[in-house]
1. Collect the residues in the stretch 127-149 that are within 16 Å of Tyr274 (Cα to Cα), among the β-branched types (Val, Ile, Thr) and more than 14 Å from the chain's Cα centre (by Cα), keeping them in residue-number order.
2. Looking only at the stretch 145-165, which residues are surrounded by fewer than 17 Cβ atoms within 10 Å (Cβ to Cβ), in contact with a helix residue (DSSP H, G or I) (Cβ under 7 Å, 6 or more places away or on another chain) and among the acidic types (Asp, Glu)?
3. Return the total of residues in the stretch 125-149 being out of contact with any Ser or Thr (no Cβ under 8 Å at 6 or more places or on another chain) and part of a loop (DSSP other than H, G, I, E, B).
4. From the list Pro245, Pro224, Pro211, which one is touching a strand residue (DSSP E or B) at 6+ places or on another chain (Cβ under 6 Å), at pLDDT below 95 and surrounded by fewer than 16 Cβ atoms within 10 Å (Cβ to Cβ)?
5. Looking at Val323, Val350, which is the one that is at pLDDT 95 or above, of a type in the set (A, V, I, L, M) and over 27 Å from Gly208 (Cβ atoms)?
6. Can you tell me which of Ala79, Ala34, Ala52 is touching a residue at least 12 places away in the same chain (Cβ under 8 Å), in contact with a Lys or Arg (Cβ under 8 Å, 6 or more places away or on another chain) and not basic (Lys, Arg)?
7. Could you please find all residues in the stretch 150-194 being under 15 Å from Tyr274 (Cα atoms), of a type outside the set (Ser, Thr, Tyr) and assigned to a strand (DSSP E or B)?
8. Go through (1) crowded, with 21+ Cβ neighbours inside 10 Å; (2) in contact with a Cys (Cβ under 9 Å, 6 or more places away or on another chain) for Asp176 and report which single condition fails.
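The values are calculated or read from the model by the stated rules, or taken from the named source; none is laboratory data. Computed from a predicted model, the values in this text were never measured in an experiment. Every residue, glycine among them, receives a Cβ derived from its backbone with ideal geometry; neighbour counts consider all protein chains shown.
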Amino acid sequence: MDSTAATQKLQTLRTLMTGHTDRNEEKQILGLFANATAAELNYLITNINVDALLSDVDNRLVGPDHLTTLLETLCVQRAHELGLPVRAGLMFALQTGLTPQLAERMIQALFLSTRGRELTEFKNLLDGRGTYRDLQQLVFSDVDSPSIRQEILDHIRREAETAPSGENKVLSDIDDTFILNWKDTRYPPKTVYPGVLQFYRELDRGPGIIPGREGDLTFVSARPMDPLGFIEDRTLATLREHGVPTAAMLSGAFTHLLGNSRIAEKKFDNFSRYVQLYPEYGFVFVGDSGQGDVAFGEQMLASHPETVRAVFIHDVVDTPELVRKAWRDKRIFFFDTYVGAAVEAYQVGVIARDGVQRVVRTTREELEKVNFGSAEQREARRADLSRDLQRADALR
């Protein structure tokens, strides 16, 4: 790419976008994109505000449909020339605000122009922004047309059949699974459980010698979704503050806040949609025994026995050993510490043996940093860990 020419085109584009854009200026903008090389096209889109661009170029009741022409140039005719991050940026701009029929057709075009492993990467980019405007919101809420949505889902399914990822998506509850925030009284309030983040990392890495791609963590929460996404965005920000760099989130609903069966019902509804978006993946779920997660995990395994590898349940209600064993036979594994979870995960084949040892080291270190309310509480948690450390040692 001629950097001087590209810089001049960018300066021209920014000048044309300053203030009100009339028909002639819009026509010049269209010309810049139509005549740019592939490298210049990516450079221009990367270095402008795409939301502003789509606002500056208009369709008119009487006159040219310049916005339609622009979108067809970028999302249909030249989509294959755009890098995946650039396509994702375009998708985010189309998703922002209202999504009229034109925007939905362009969303469809961007999906259909992306295939195989590139489609998997593209979907993960759409889920990796750290806001409520994620892949599920895009396909199941922003796209209103049932026919367009089905075309997108059919394309995703067909491409998954030709390019399975060989990896697992890690799904997790939040309260009393990641952070103490409901029924658990064994740790101080708002404690991030020792070893939980490392356990997520190991599930994400997988059992192979070569680690899988990072970032396959999605939280499935009973916390409700409001129309503007404020609760979900705040929850994602809180997760980042507690050490989760990137994650997507499948939220609950105000109508499903009460009762474990209704919580499980909403989580399963979210999962049923999510599995349609990532049919090339397997799935593991980490939840707790206090709020419908066992029922949710059972539904997951019953509906998708080939793709749901295992369910791990953080026990916060002292489930008897005989009951735990009965669930274990169904691939639902109860645990007291994340070392115990890692042992179960290794035995079922979803993390590596050296991954167990990394969880051991991290859990030990993080447990000693917890500011317990009493010496008795600290010693009780050390005893829990000691039992699971013996199980981990027996794996050698």
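1. Correct list: Val143 only.
2. Start the filter on the stretch 145-165 by keeping residues that are surrounded by fewer than 17 Cβ atoms within 10 Å (Cβ to Cβ), which leaves 145-147, 150-151, 154, 157-158, 161-164.
Going one step further and asking which of them are in contact with a helix residue (DSSP H, G or I) (Cβ under 7 Å, 6 or more places away or on another chain), we end up with 145, 151, 162-163.
Listed by number, the list holds a single entry, Glu151.
3. Within the stretch 125-149, the subset out of contact with any Ser or Thr (no Cβ under 8 Å at 6 or more places or on another chain) is 125-126, 129, 131, 134-141, 145-149.
Among the residues that remain, those that are also part of a loop (DSSP other than H, G, I, E, B) are: 129, 131, 134, 145.
So the count comes out to 4.
4. Numbers: Pro245 fails: touching a strand residue (DSSP E or B) at 6+ places or on another chain (Cβ under 6 Å); Pro211 fails: touching a strand residue (DSSP E or B) at 6+ places or on another chain (Cβ under 6 Å).
Result: Pro224 is the single residue among Pro245, Pro224, Pro211 that is touching a strand residue (DSSP E or B) at 6+ places or on another chain (Cβ under 6 Å), at pLDDT below 95 and surrounded by fewer than 16 Cβ atoms within 10 Å (Cβ to Cβ).
5. After applying the criteria, what remains is Val323.
6. Answer to the selection: Ala79.
7. Listed by number, the residues that qualify are Asn168, Lys169, Val170, Leu171.
8. It is condition (2) that Asp176 fails.
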